[in-house]
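Enquirer: The structure under discussion is supplied below as structure tokens; questions concerning it will follow.
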Amino acid sequence: MEGYVTRIISNDMIGVTGSDDFEIPVLVSKVTSVHGRQGASGADDTTASGTVETEFKVKGIYLAAVPDQKTAAVVHFHLVNDTSYQLLATLTTLSGQQYKGEFAGVLAPLSAQKIYSAPLADLQLWPQFNLQILYYTPQNKKPPAPLLITEKFKAKDFAGNKKQVPVIDQQGWLMRLDEEELLIDAEKLKESFFKPAEEKQSLAKPAAEVDLHIEKLKDDHHFLSSPTILNIQLDHFKKMLDAAIVHQLPEITFIHGTGNGILKHELHKLLSKNNKVQTFMDARKEKFGYGATKVVLK
């Protein structure tokens with residue numbers, strides 16, 4: 001096809017509008033410049049010509065929470081359209097009994113739009129999100145059913161690691177809005193009933209010193225409550241202790257810090273009940289102070 005570059009969608013994608021006045025997303029790598037058409041001034045008008053991706057993307061709608069680039073205390077919610085459809089979208093929030101329209105607009109194919117911002121410290125006070133999305137394309141495609149999404153965010157929704165957000169190419173927390181349909185293979189399901197118990201999963205050999213500070217285990221620890229943090233630390237401790245036992249390490253040191261002493265108390269309680277543990281003690285004070293426990297294994 002041949003047309004004019006009418007929009008820059010991202011670093012890798014531009015919008016090319018042809019003679020039918022319909023803009024199509026095209027990879028920059030697929031575009032070459034064409035000269036020879038002269039405008040009224042006699043100067044060359046440059047048009048773009050390239051091979052358009054033939055695949056029509058029907059899936060790929062996300063809600064992404066992206067930390068502000070200047071202050072991580074604020075997140076911006078982006079509606080991401082990684083499909084070939086145009087989307088007609090609205091966001092209405094509900095706080096108490098009060099509804100408020102926050103966003104209404106059209107998202108072009110392979111584009112994103114910021115629709116809401118909120119401070120992280122007020123996460124428990126965030127309103128309920130009510131998203132409505134309609135699909136549109138002038139092409140011969142059957143539009144999917146409209147999406148109706150209702151979501152009240154909690155701290156656990158931000159417990160996972162951030163991912164690369166499609167289209168805007170930034171790190172954030174992703175929620176897939178158009179989930180793929182779950183297809184069940186009857187034969188595989190049947191086989192699973194008769195499958196023998198699997199062997200114990202292989203565990204990688206742990207380091208001699210394991211740091212249990214939450215900032216070493218989770219990038220998004222500032223979203224987590226104290227009980228959640230403790231559970232994450234204890235789960236990692238159990239996993240590393242099991243790995244040390246499997247690999248027959250003579251000893252392993254867990255760095256837990258001093259703090260309020262709760263984590264250290266829980267570790268010692270678990271160690272005292274483990275029959276694979278010969279003894280445990282405070283690790284070298286000149287190196288760790290009172291913030292680490294050395295475990296000697298049988």
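No lab work stands behind these numbers, since they all come straight from the coordinates. Remember, it's a predicted structure, so these values are computed and weren't measured experimentally. As a convention, Cβ positions derive from the backbone with ideal geometry for all residues, glycine included, and neighbour counts pool all protein chains shown.
Enquirer: Which of the residue pairs Lys152/Lys216; Lys238/Lys294; Lys239/Lys273; Lys218/Lys276 have a Cα-Cα distance greater than 18 Å in the structure shown? If you can, show how the numbers build up before the last one.
Expert: On the way: Lys152/Lys216 29 Å; Lys238/Lys294 14 Å; Lys239/Lys273 16 Å; Lys218/Lys276 29 Å.
With Cα atoms farther than 18 Å apart: Lys152/Lys216; Lys218/Lys276.
Enquirer: With +1 on the Cβ of every Lys and Arg and -1 on the Cβ of every Asp and Glu, and nothing else charged, how large is the dipole of segment 61-176 about its Cα centre, in debye rounded to the nearest 20? Walk me through the numbers on the way to the answer.
Expert: Details: 11 positive and 7 negative charges, 42 e Å.
Magnitude of the dipole: close to 200 debye.
Enquirer: Excluding Tyr290 itself, what net charge comes from residues whose Cβ is under 15 Å from its Cβ, given Lys and Arg +1 and Asp and Glu -1? Show your work: numbers first, answer last.
Expert: On the way: positive: Lys264, Arg284, Lys285, Lys287, Lys294; negative: Asp282, Glu286.
With Lys, Arg at +1 and Asp, Glu at -1, the net is +3.
Enquirer: Here's a follow-up. Compute the length gained on full extension between Leu27 and Val246: take 0.36 nm times their separation in residues and subtract their Cα-Cα distance, giving the result in nm to one decimal. Walk me through the numbers before you get to the answer.
Expert: Working: separation 219, 0.36 × 219 = 78.84 nm, distance 5.01 nm.
Full-extension gain reported as 73.8 nm.
Enquirer: Can you report the principal axis dimensions of segment 61-176 using only the alpha carbons, biggest first, rounded to whole angstrom?
Expert: 47, 35, 22 Å, listed from the longest principal axis down.
Enquirer: Please compute one quarter of the surface area of the Cα convex hull for segment 242-285 and express it in square nanometres.
Expert: Result: a mean projected hull area of 3.4 nm².
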